[in-house]
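Taking it in order: structure first as structure tokens, then the write-up.
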Amino acid sequence: MQPYNPKDQTKIDFAIRKGESVSSISERLREQKLIKSPTFFKVNIVVQGLSKKIQAGTYLFSPSMSPKEISALLVKGTNDRWMTIVEGLRQEQIGAQLIKNGFAINPQEWQKKIKDENLEGKLFPDSYLFPKDADQKTILKIIEKNFQKKVTSDLEKEIKESELKLEKVLVLASILEREARSEAKRKIVAGILIKRLKNGWPLQVDASVQYAVGSVKCQSSYDLNCEWWPKKLSKENLKISSPFNSYTNKGLPPLPICNPGLSSIKAALDTEESPYWFYISDLEGKMRYAKTNEEHAENIRRYLFK
């Protein structure tokens, strides 16, 4: 089992995700010019009974390493740690989750960095592999690289053709993430909200008010158990003095209210026109649409006050 190139000691990052097959790993090793024969490598792994012992993580390999050395490291594993950022979380919730997972995050420094560089909305939801000893800078760099790839680069054409610039797309997407549960519903809701914006109507979305109320209630506590998204809003809540109150202010909120996933971002870029001006999500999560204020009031009476 000879190395791909005994003289080439260039270090190459090689990440293995949870559940990735030996066939996939072998083929990618060949593509990275780390092994010559994926078939030989796979057979060797299987014969040695190592298939189920390979550990997910990010490795540093070089073409000068033999297949035997590479397979030995794959079984030994790395000190990396998996963490999943789910869609619709605020930056404070993500910071708290990082702290809970054992990463050295200082809440004040985390919040300052996010606010100074307007990163809310860009903490892209995904499963990440962070080095165990990763600091805030390293973690944010990994997240930023993923955001650039899956949003900025992959959706470059759609963003250029959109009526909204990226920053506003993310604001709208963050609202859709909290307001609707499926991509189909998000597209319709996006169409309604865009129509309201064009006609000078206030958006009147509960999610933005929840954000404003949660900001006051939790005071950036970085407590995962804090009610960051109040389920019930009072009449007083709907009058809260905040640029994020979409009942008292027209236009989009100044910044994203959460970190949206790819489905919501795509919906904000590809809205669906409809005859509707209003919508609510009933007690069972089903979307109810209305064309007039009277129909909307009837939907509220029928579906929210059972």
task: Take the alpha carbon atoms of region 196-226, find their center, do the same for region 107-175, and report the distance between the two centers in whole angstrom.
output: 20 Å
field: Other-chain or far-sequence residues with amide H under 5 Å of Asp126's (modelled H)
entry: Ile85
message: Using the Kirkwood radius over C-alpha pairs as Rh, can you work out the diffusion coefficient of the chain via Stokes-Einstein at 10 °C, viscosity 1.306 mPa s, in µm² per second?
response: 72 µm²/s
- request: Hand me the trypsin sites (Lys or Arg not before Pro) from region 32-70 located in a DSSP loop with no more than 15 other Cβ atoms within 10 Å, in residue order please.
  value: Lys33
Under Karplus coefficients 6.51, -1.76 and 1.60, residue-wise ³J(HN,Hα) of region 229-241 in Hz, glycine/proline x: 10, x, 6, 10, 10, 8, 4, 5, 4, 5, 10, 4, 7
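Coordinate-derived values only; no laboratory data. Quantities reported herein were computed from a predicted structural model and do not represent experimental measurements. Virtual Cβ from ideal backbone geometry, glycine too; neighbours counted across all protein chains shown.
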